[in-house]
Amino acid sequence: PPLTGIDVGELSGWVIFSKPVSGLGWRLILAKEASEAYAVVDRLWTAIMLLGVVLILLTGFLNRILLRRIQKSEKTIQELNHRNELVLNAAGEGIYGLDLEGKTIFINPAARKMIGWNHGDPIGKSPREILCHTRADGTPYAGEESPIFKTIRDGIPHHAADELFQRRDGTIFPVEYT
């Protein structure tokens with residue numbers, strides 16, 4: 001039978017089969033008789049095909065396992081997010097969180113009500129866009145010297161017990177926060 005891409009020749013009674021292999025040079029298969037050489041090539045080809053099928057099946061099997069683990073992880077994350085949302089929504093105190101860039105990442109209904117944020121979404125906004133806060137005597141903080149911005153900058157929790165927040169309607173109320 002003809003072998004595509006394989007050169008066949010004879011040398012001193014030996015049949016020589018050779019096929020170029022990318023990056024490896026030439027691979028030689030020697031046999032005394034042509035039928036023996038064809039059988040060797042046929043067995044190698046069969047082994048390569050079987051190996052390919054096994055690899056395909058193994059890849060499919062591993063993909064199924066990984067997909068199940070990913071789906072399970074996503075479900076767990078959704079459940080945890082839902083629980084966190086229930087806790088935040090049930091809290092009677094105003095709670096909002098900021099990321100390391102100072103952008104709001106969550107705000108519960110009590111905090112929305114306290115600062116008068118009834119319309120629109122404060123997520124992604126800085127505290128300055130959501131509310132105005134000052135010292136107890138009403139003097140504003142210069143730049144980013146407020147405890148909120150100090151926490152963002154240095155990562156250390158700062159506590160304030162006698163500050164004022166201003167709602168969207170301009171009314172002021174006392175706050176304590178960390």
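Each value in this text was obtained by applying a stated rule to the coordinates, not by laboratory testing. Every value quoted in this text rests on a predicted model; they were computed, and no experiment measured them. Cβ: placed from backbone, ideal geometry, glycine included. Neighbour counts: every protein chain shown.
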Below 25 Å Cα-Cα, how many Lys pairs turn up in region 69-178? Only count pairs eight or more apart in sequence, or on different chains, if you could.
-> 5
Taking the alpha-carbon centroid of each part, what is the distance from region 67-139 to region 145-171 in angstrom?
-> 15 Å
Estimated distance in nm for a label pair at D162 and A91, the labels positioned 7 Å out from Cα along Cα-to-Cβ | 2.5 nm
Rank S126, N108, A160 by how far each Cα sits towards the positive end of the charge dipole of region 65-178 (+1 on Lys, Arg Cβ; -1 on Asp, Glu Cβ) and give me just the farthest.
-> N108
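About the Cα centre of region 65-178, how large is the charge dipole given +1 on each Lys and Arg Cβ and -1 on each Asp and Glu Cβ? Please answer in debye to the nearest 20. Could you put the intermediate results ahead of the total?
Details: 15 positive and 16 negative charges, 123 e Å.
The calculated dipole for region 65-178 is roughly 600 debye.
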Burial-style ranking of 68-75, 127-134, 84-91, average other-beta-carbon count within 10 Å with highest first, yields 127-134, 84-91, 68-75
What order, most packed first, do the peptides 95-107, 54-66 have when packing is the mean number of other Cβ atoms within 10 Å of each residue?
-> 95-107, 54-66
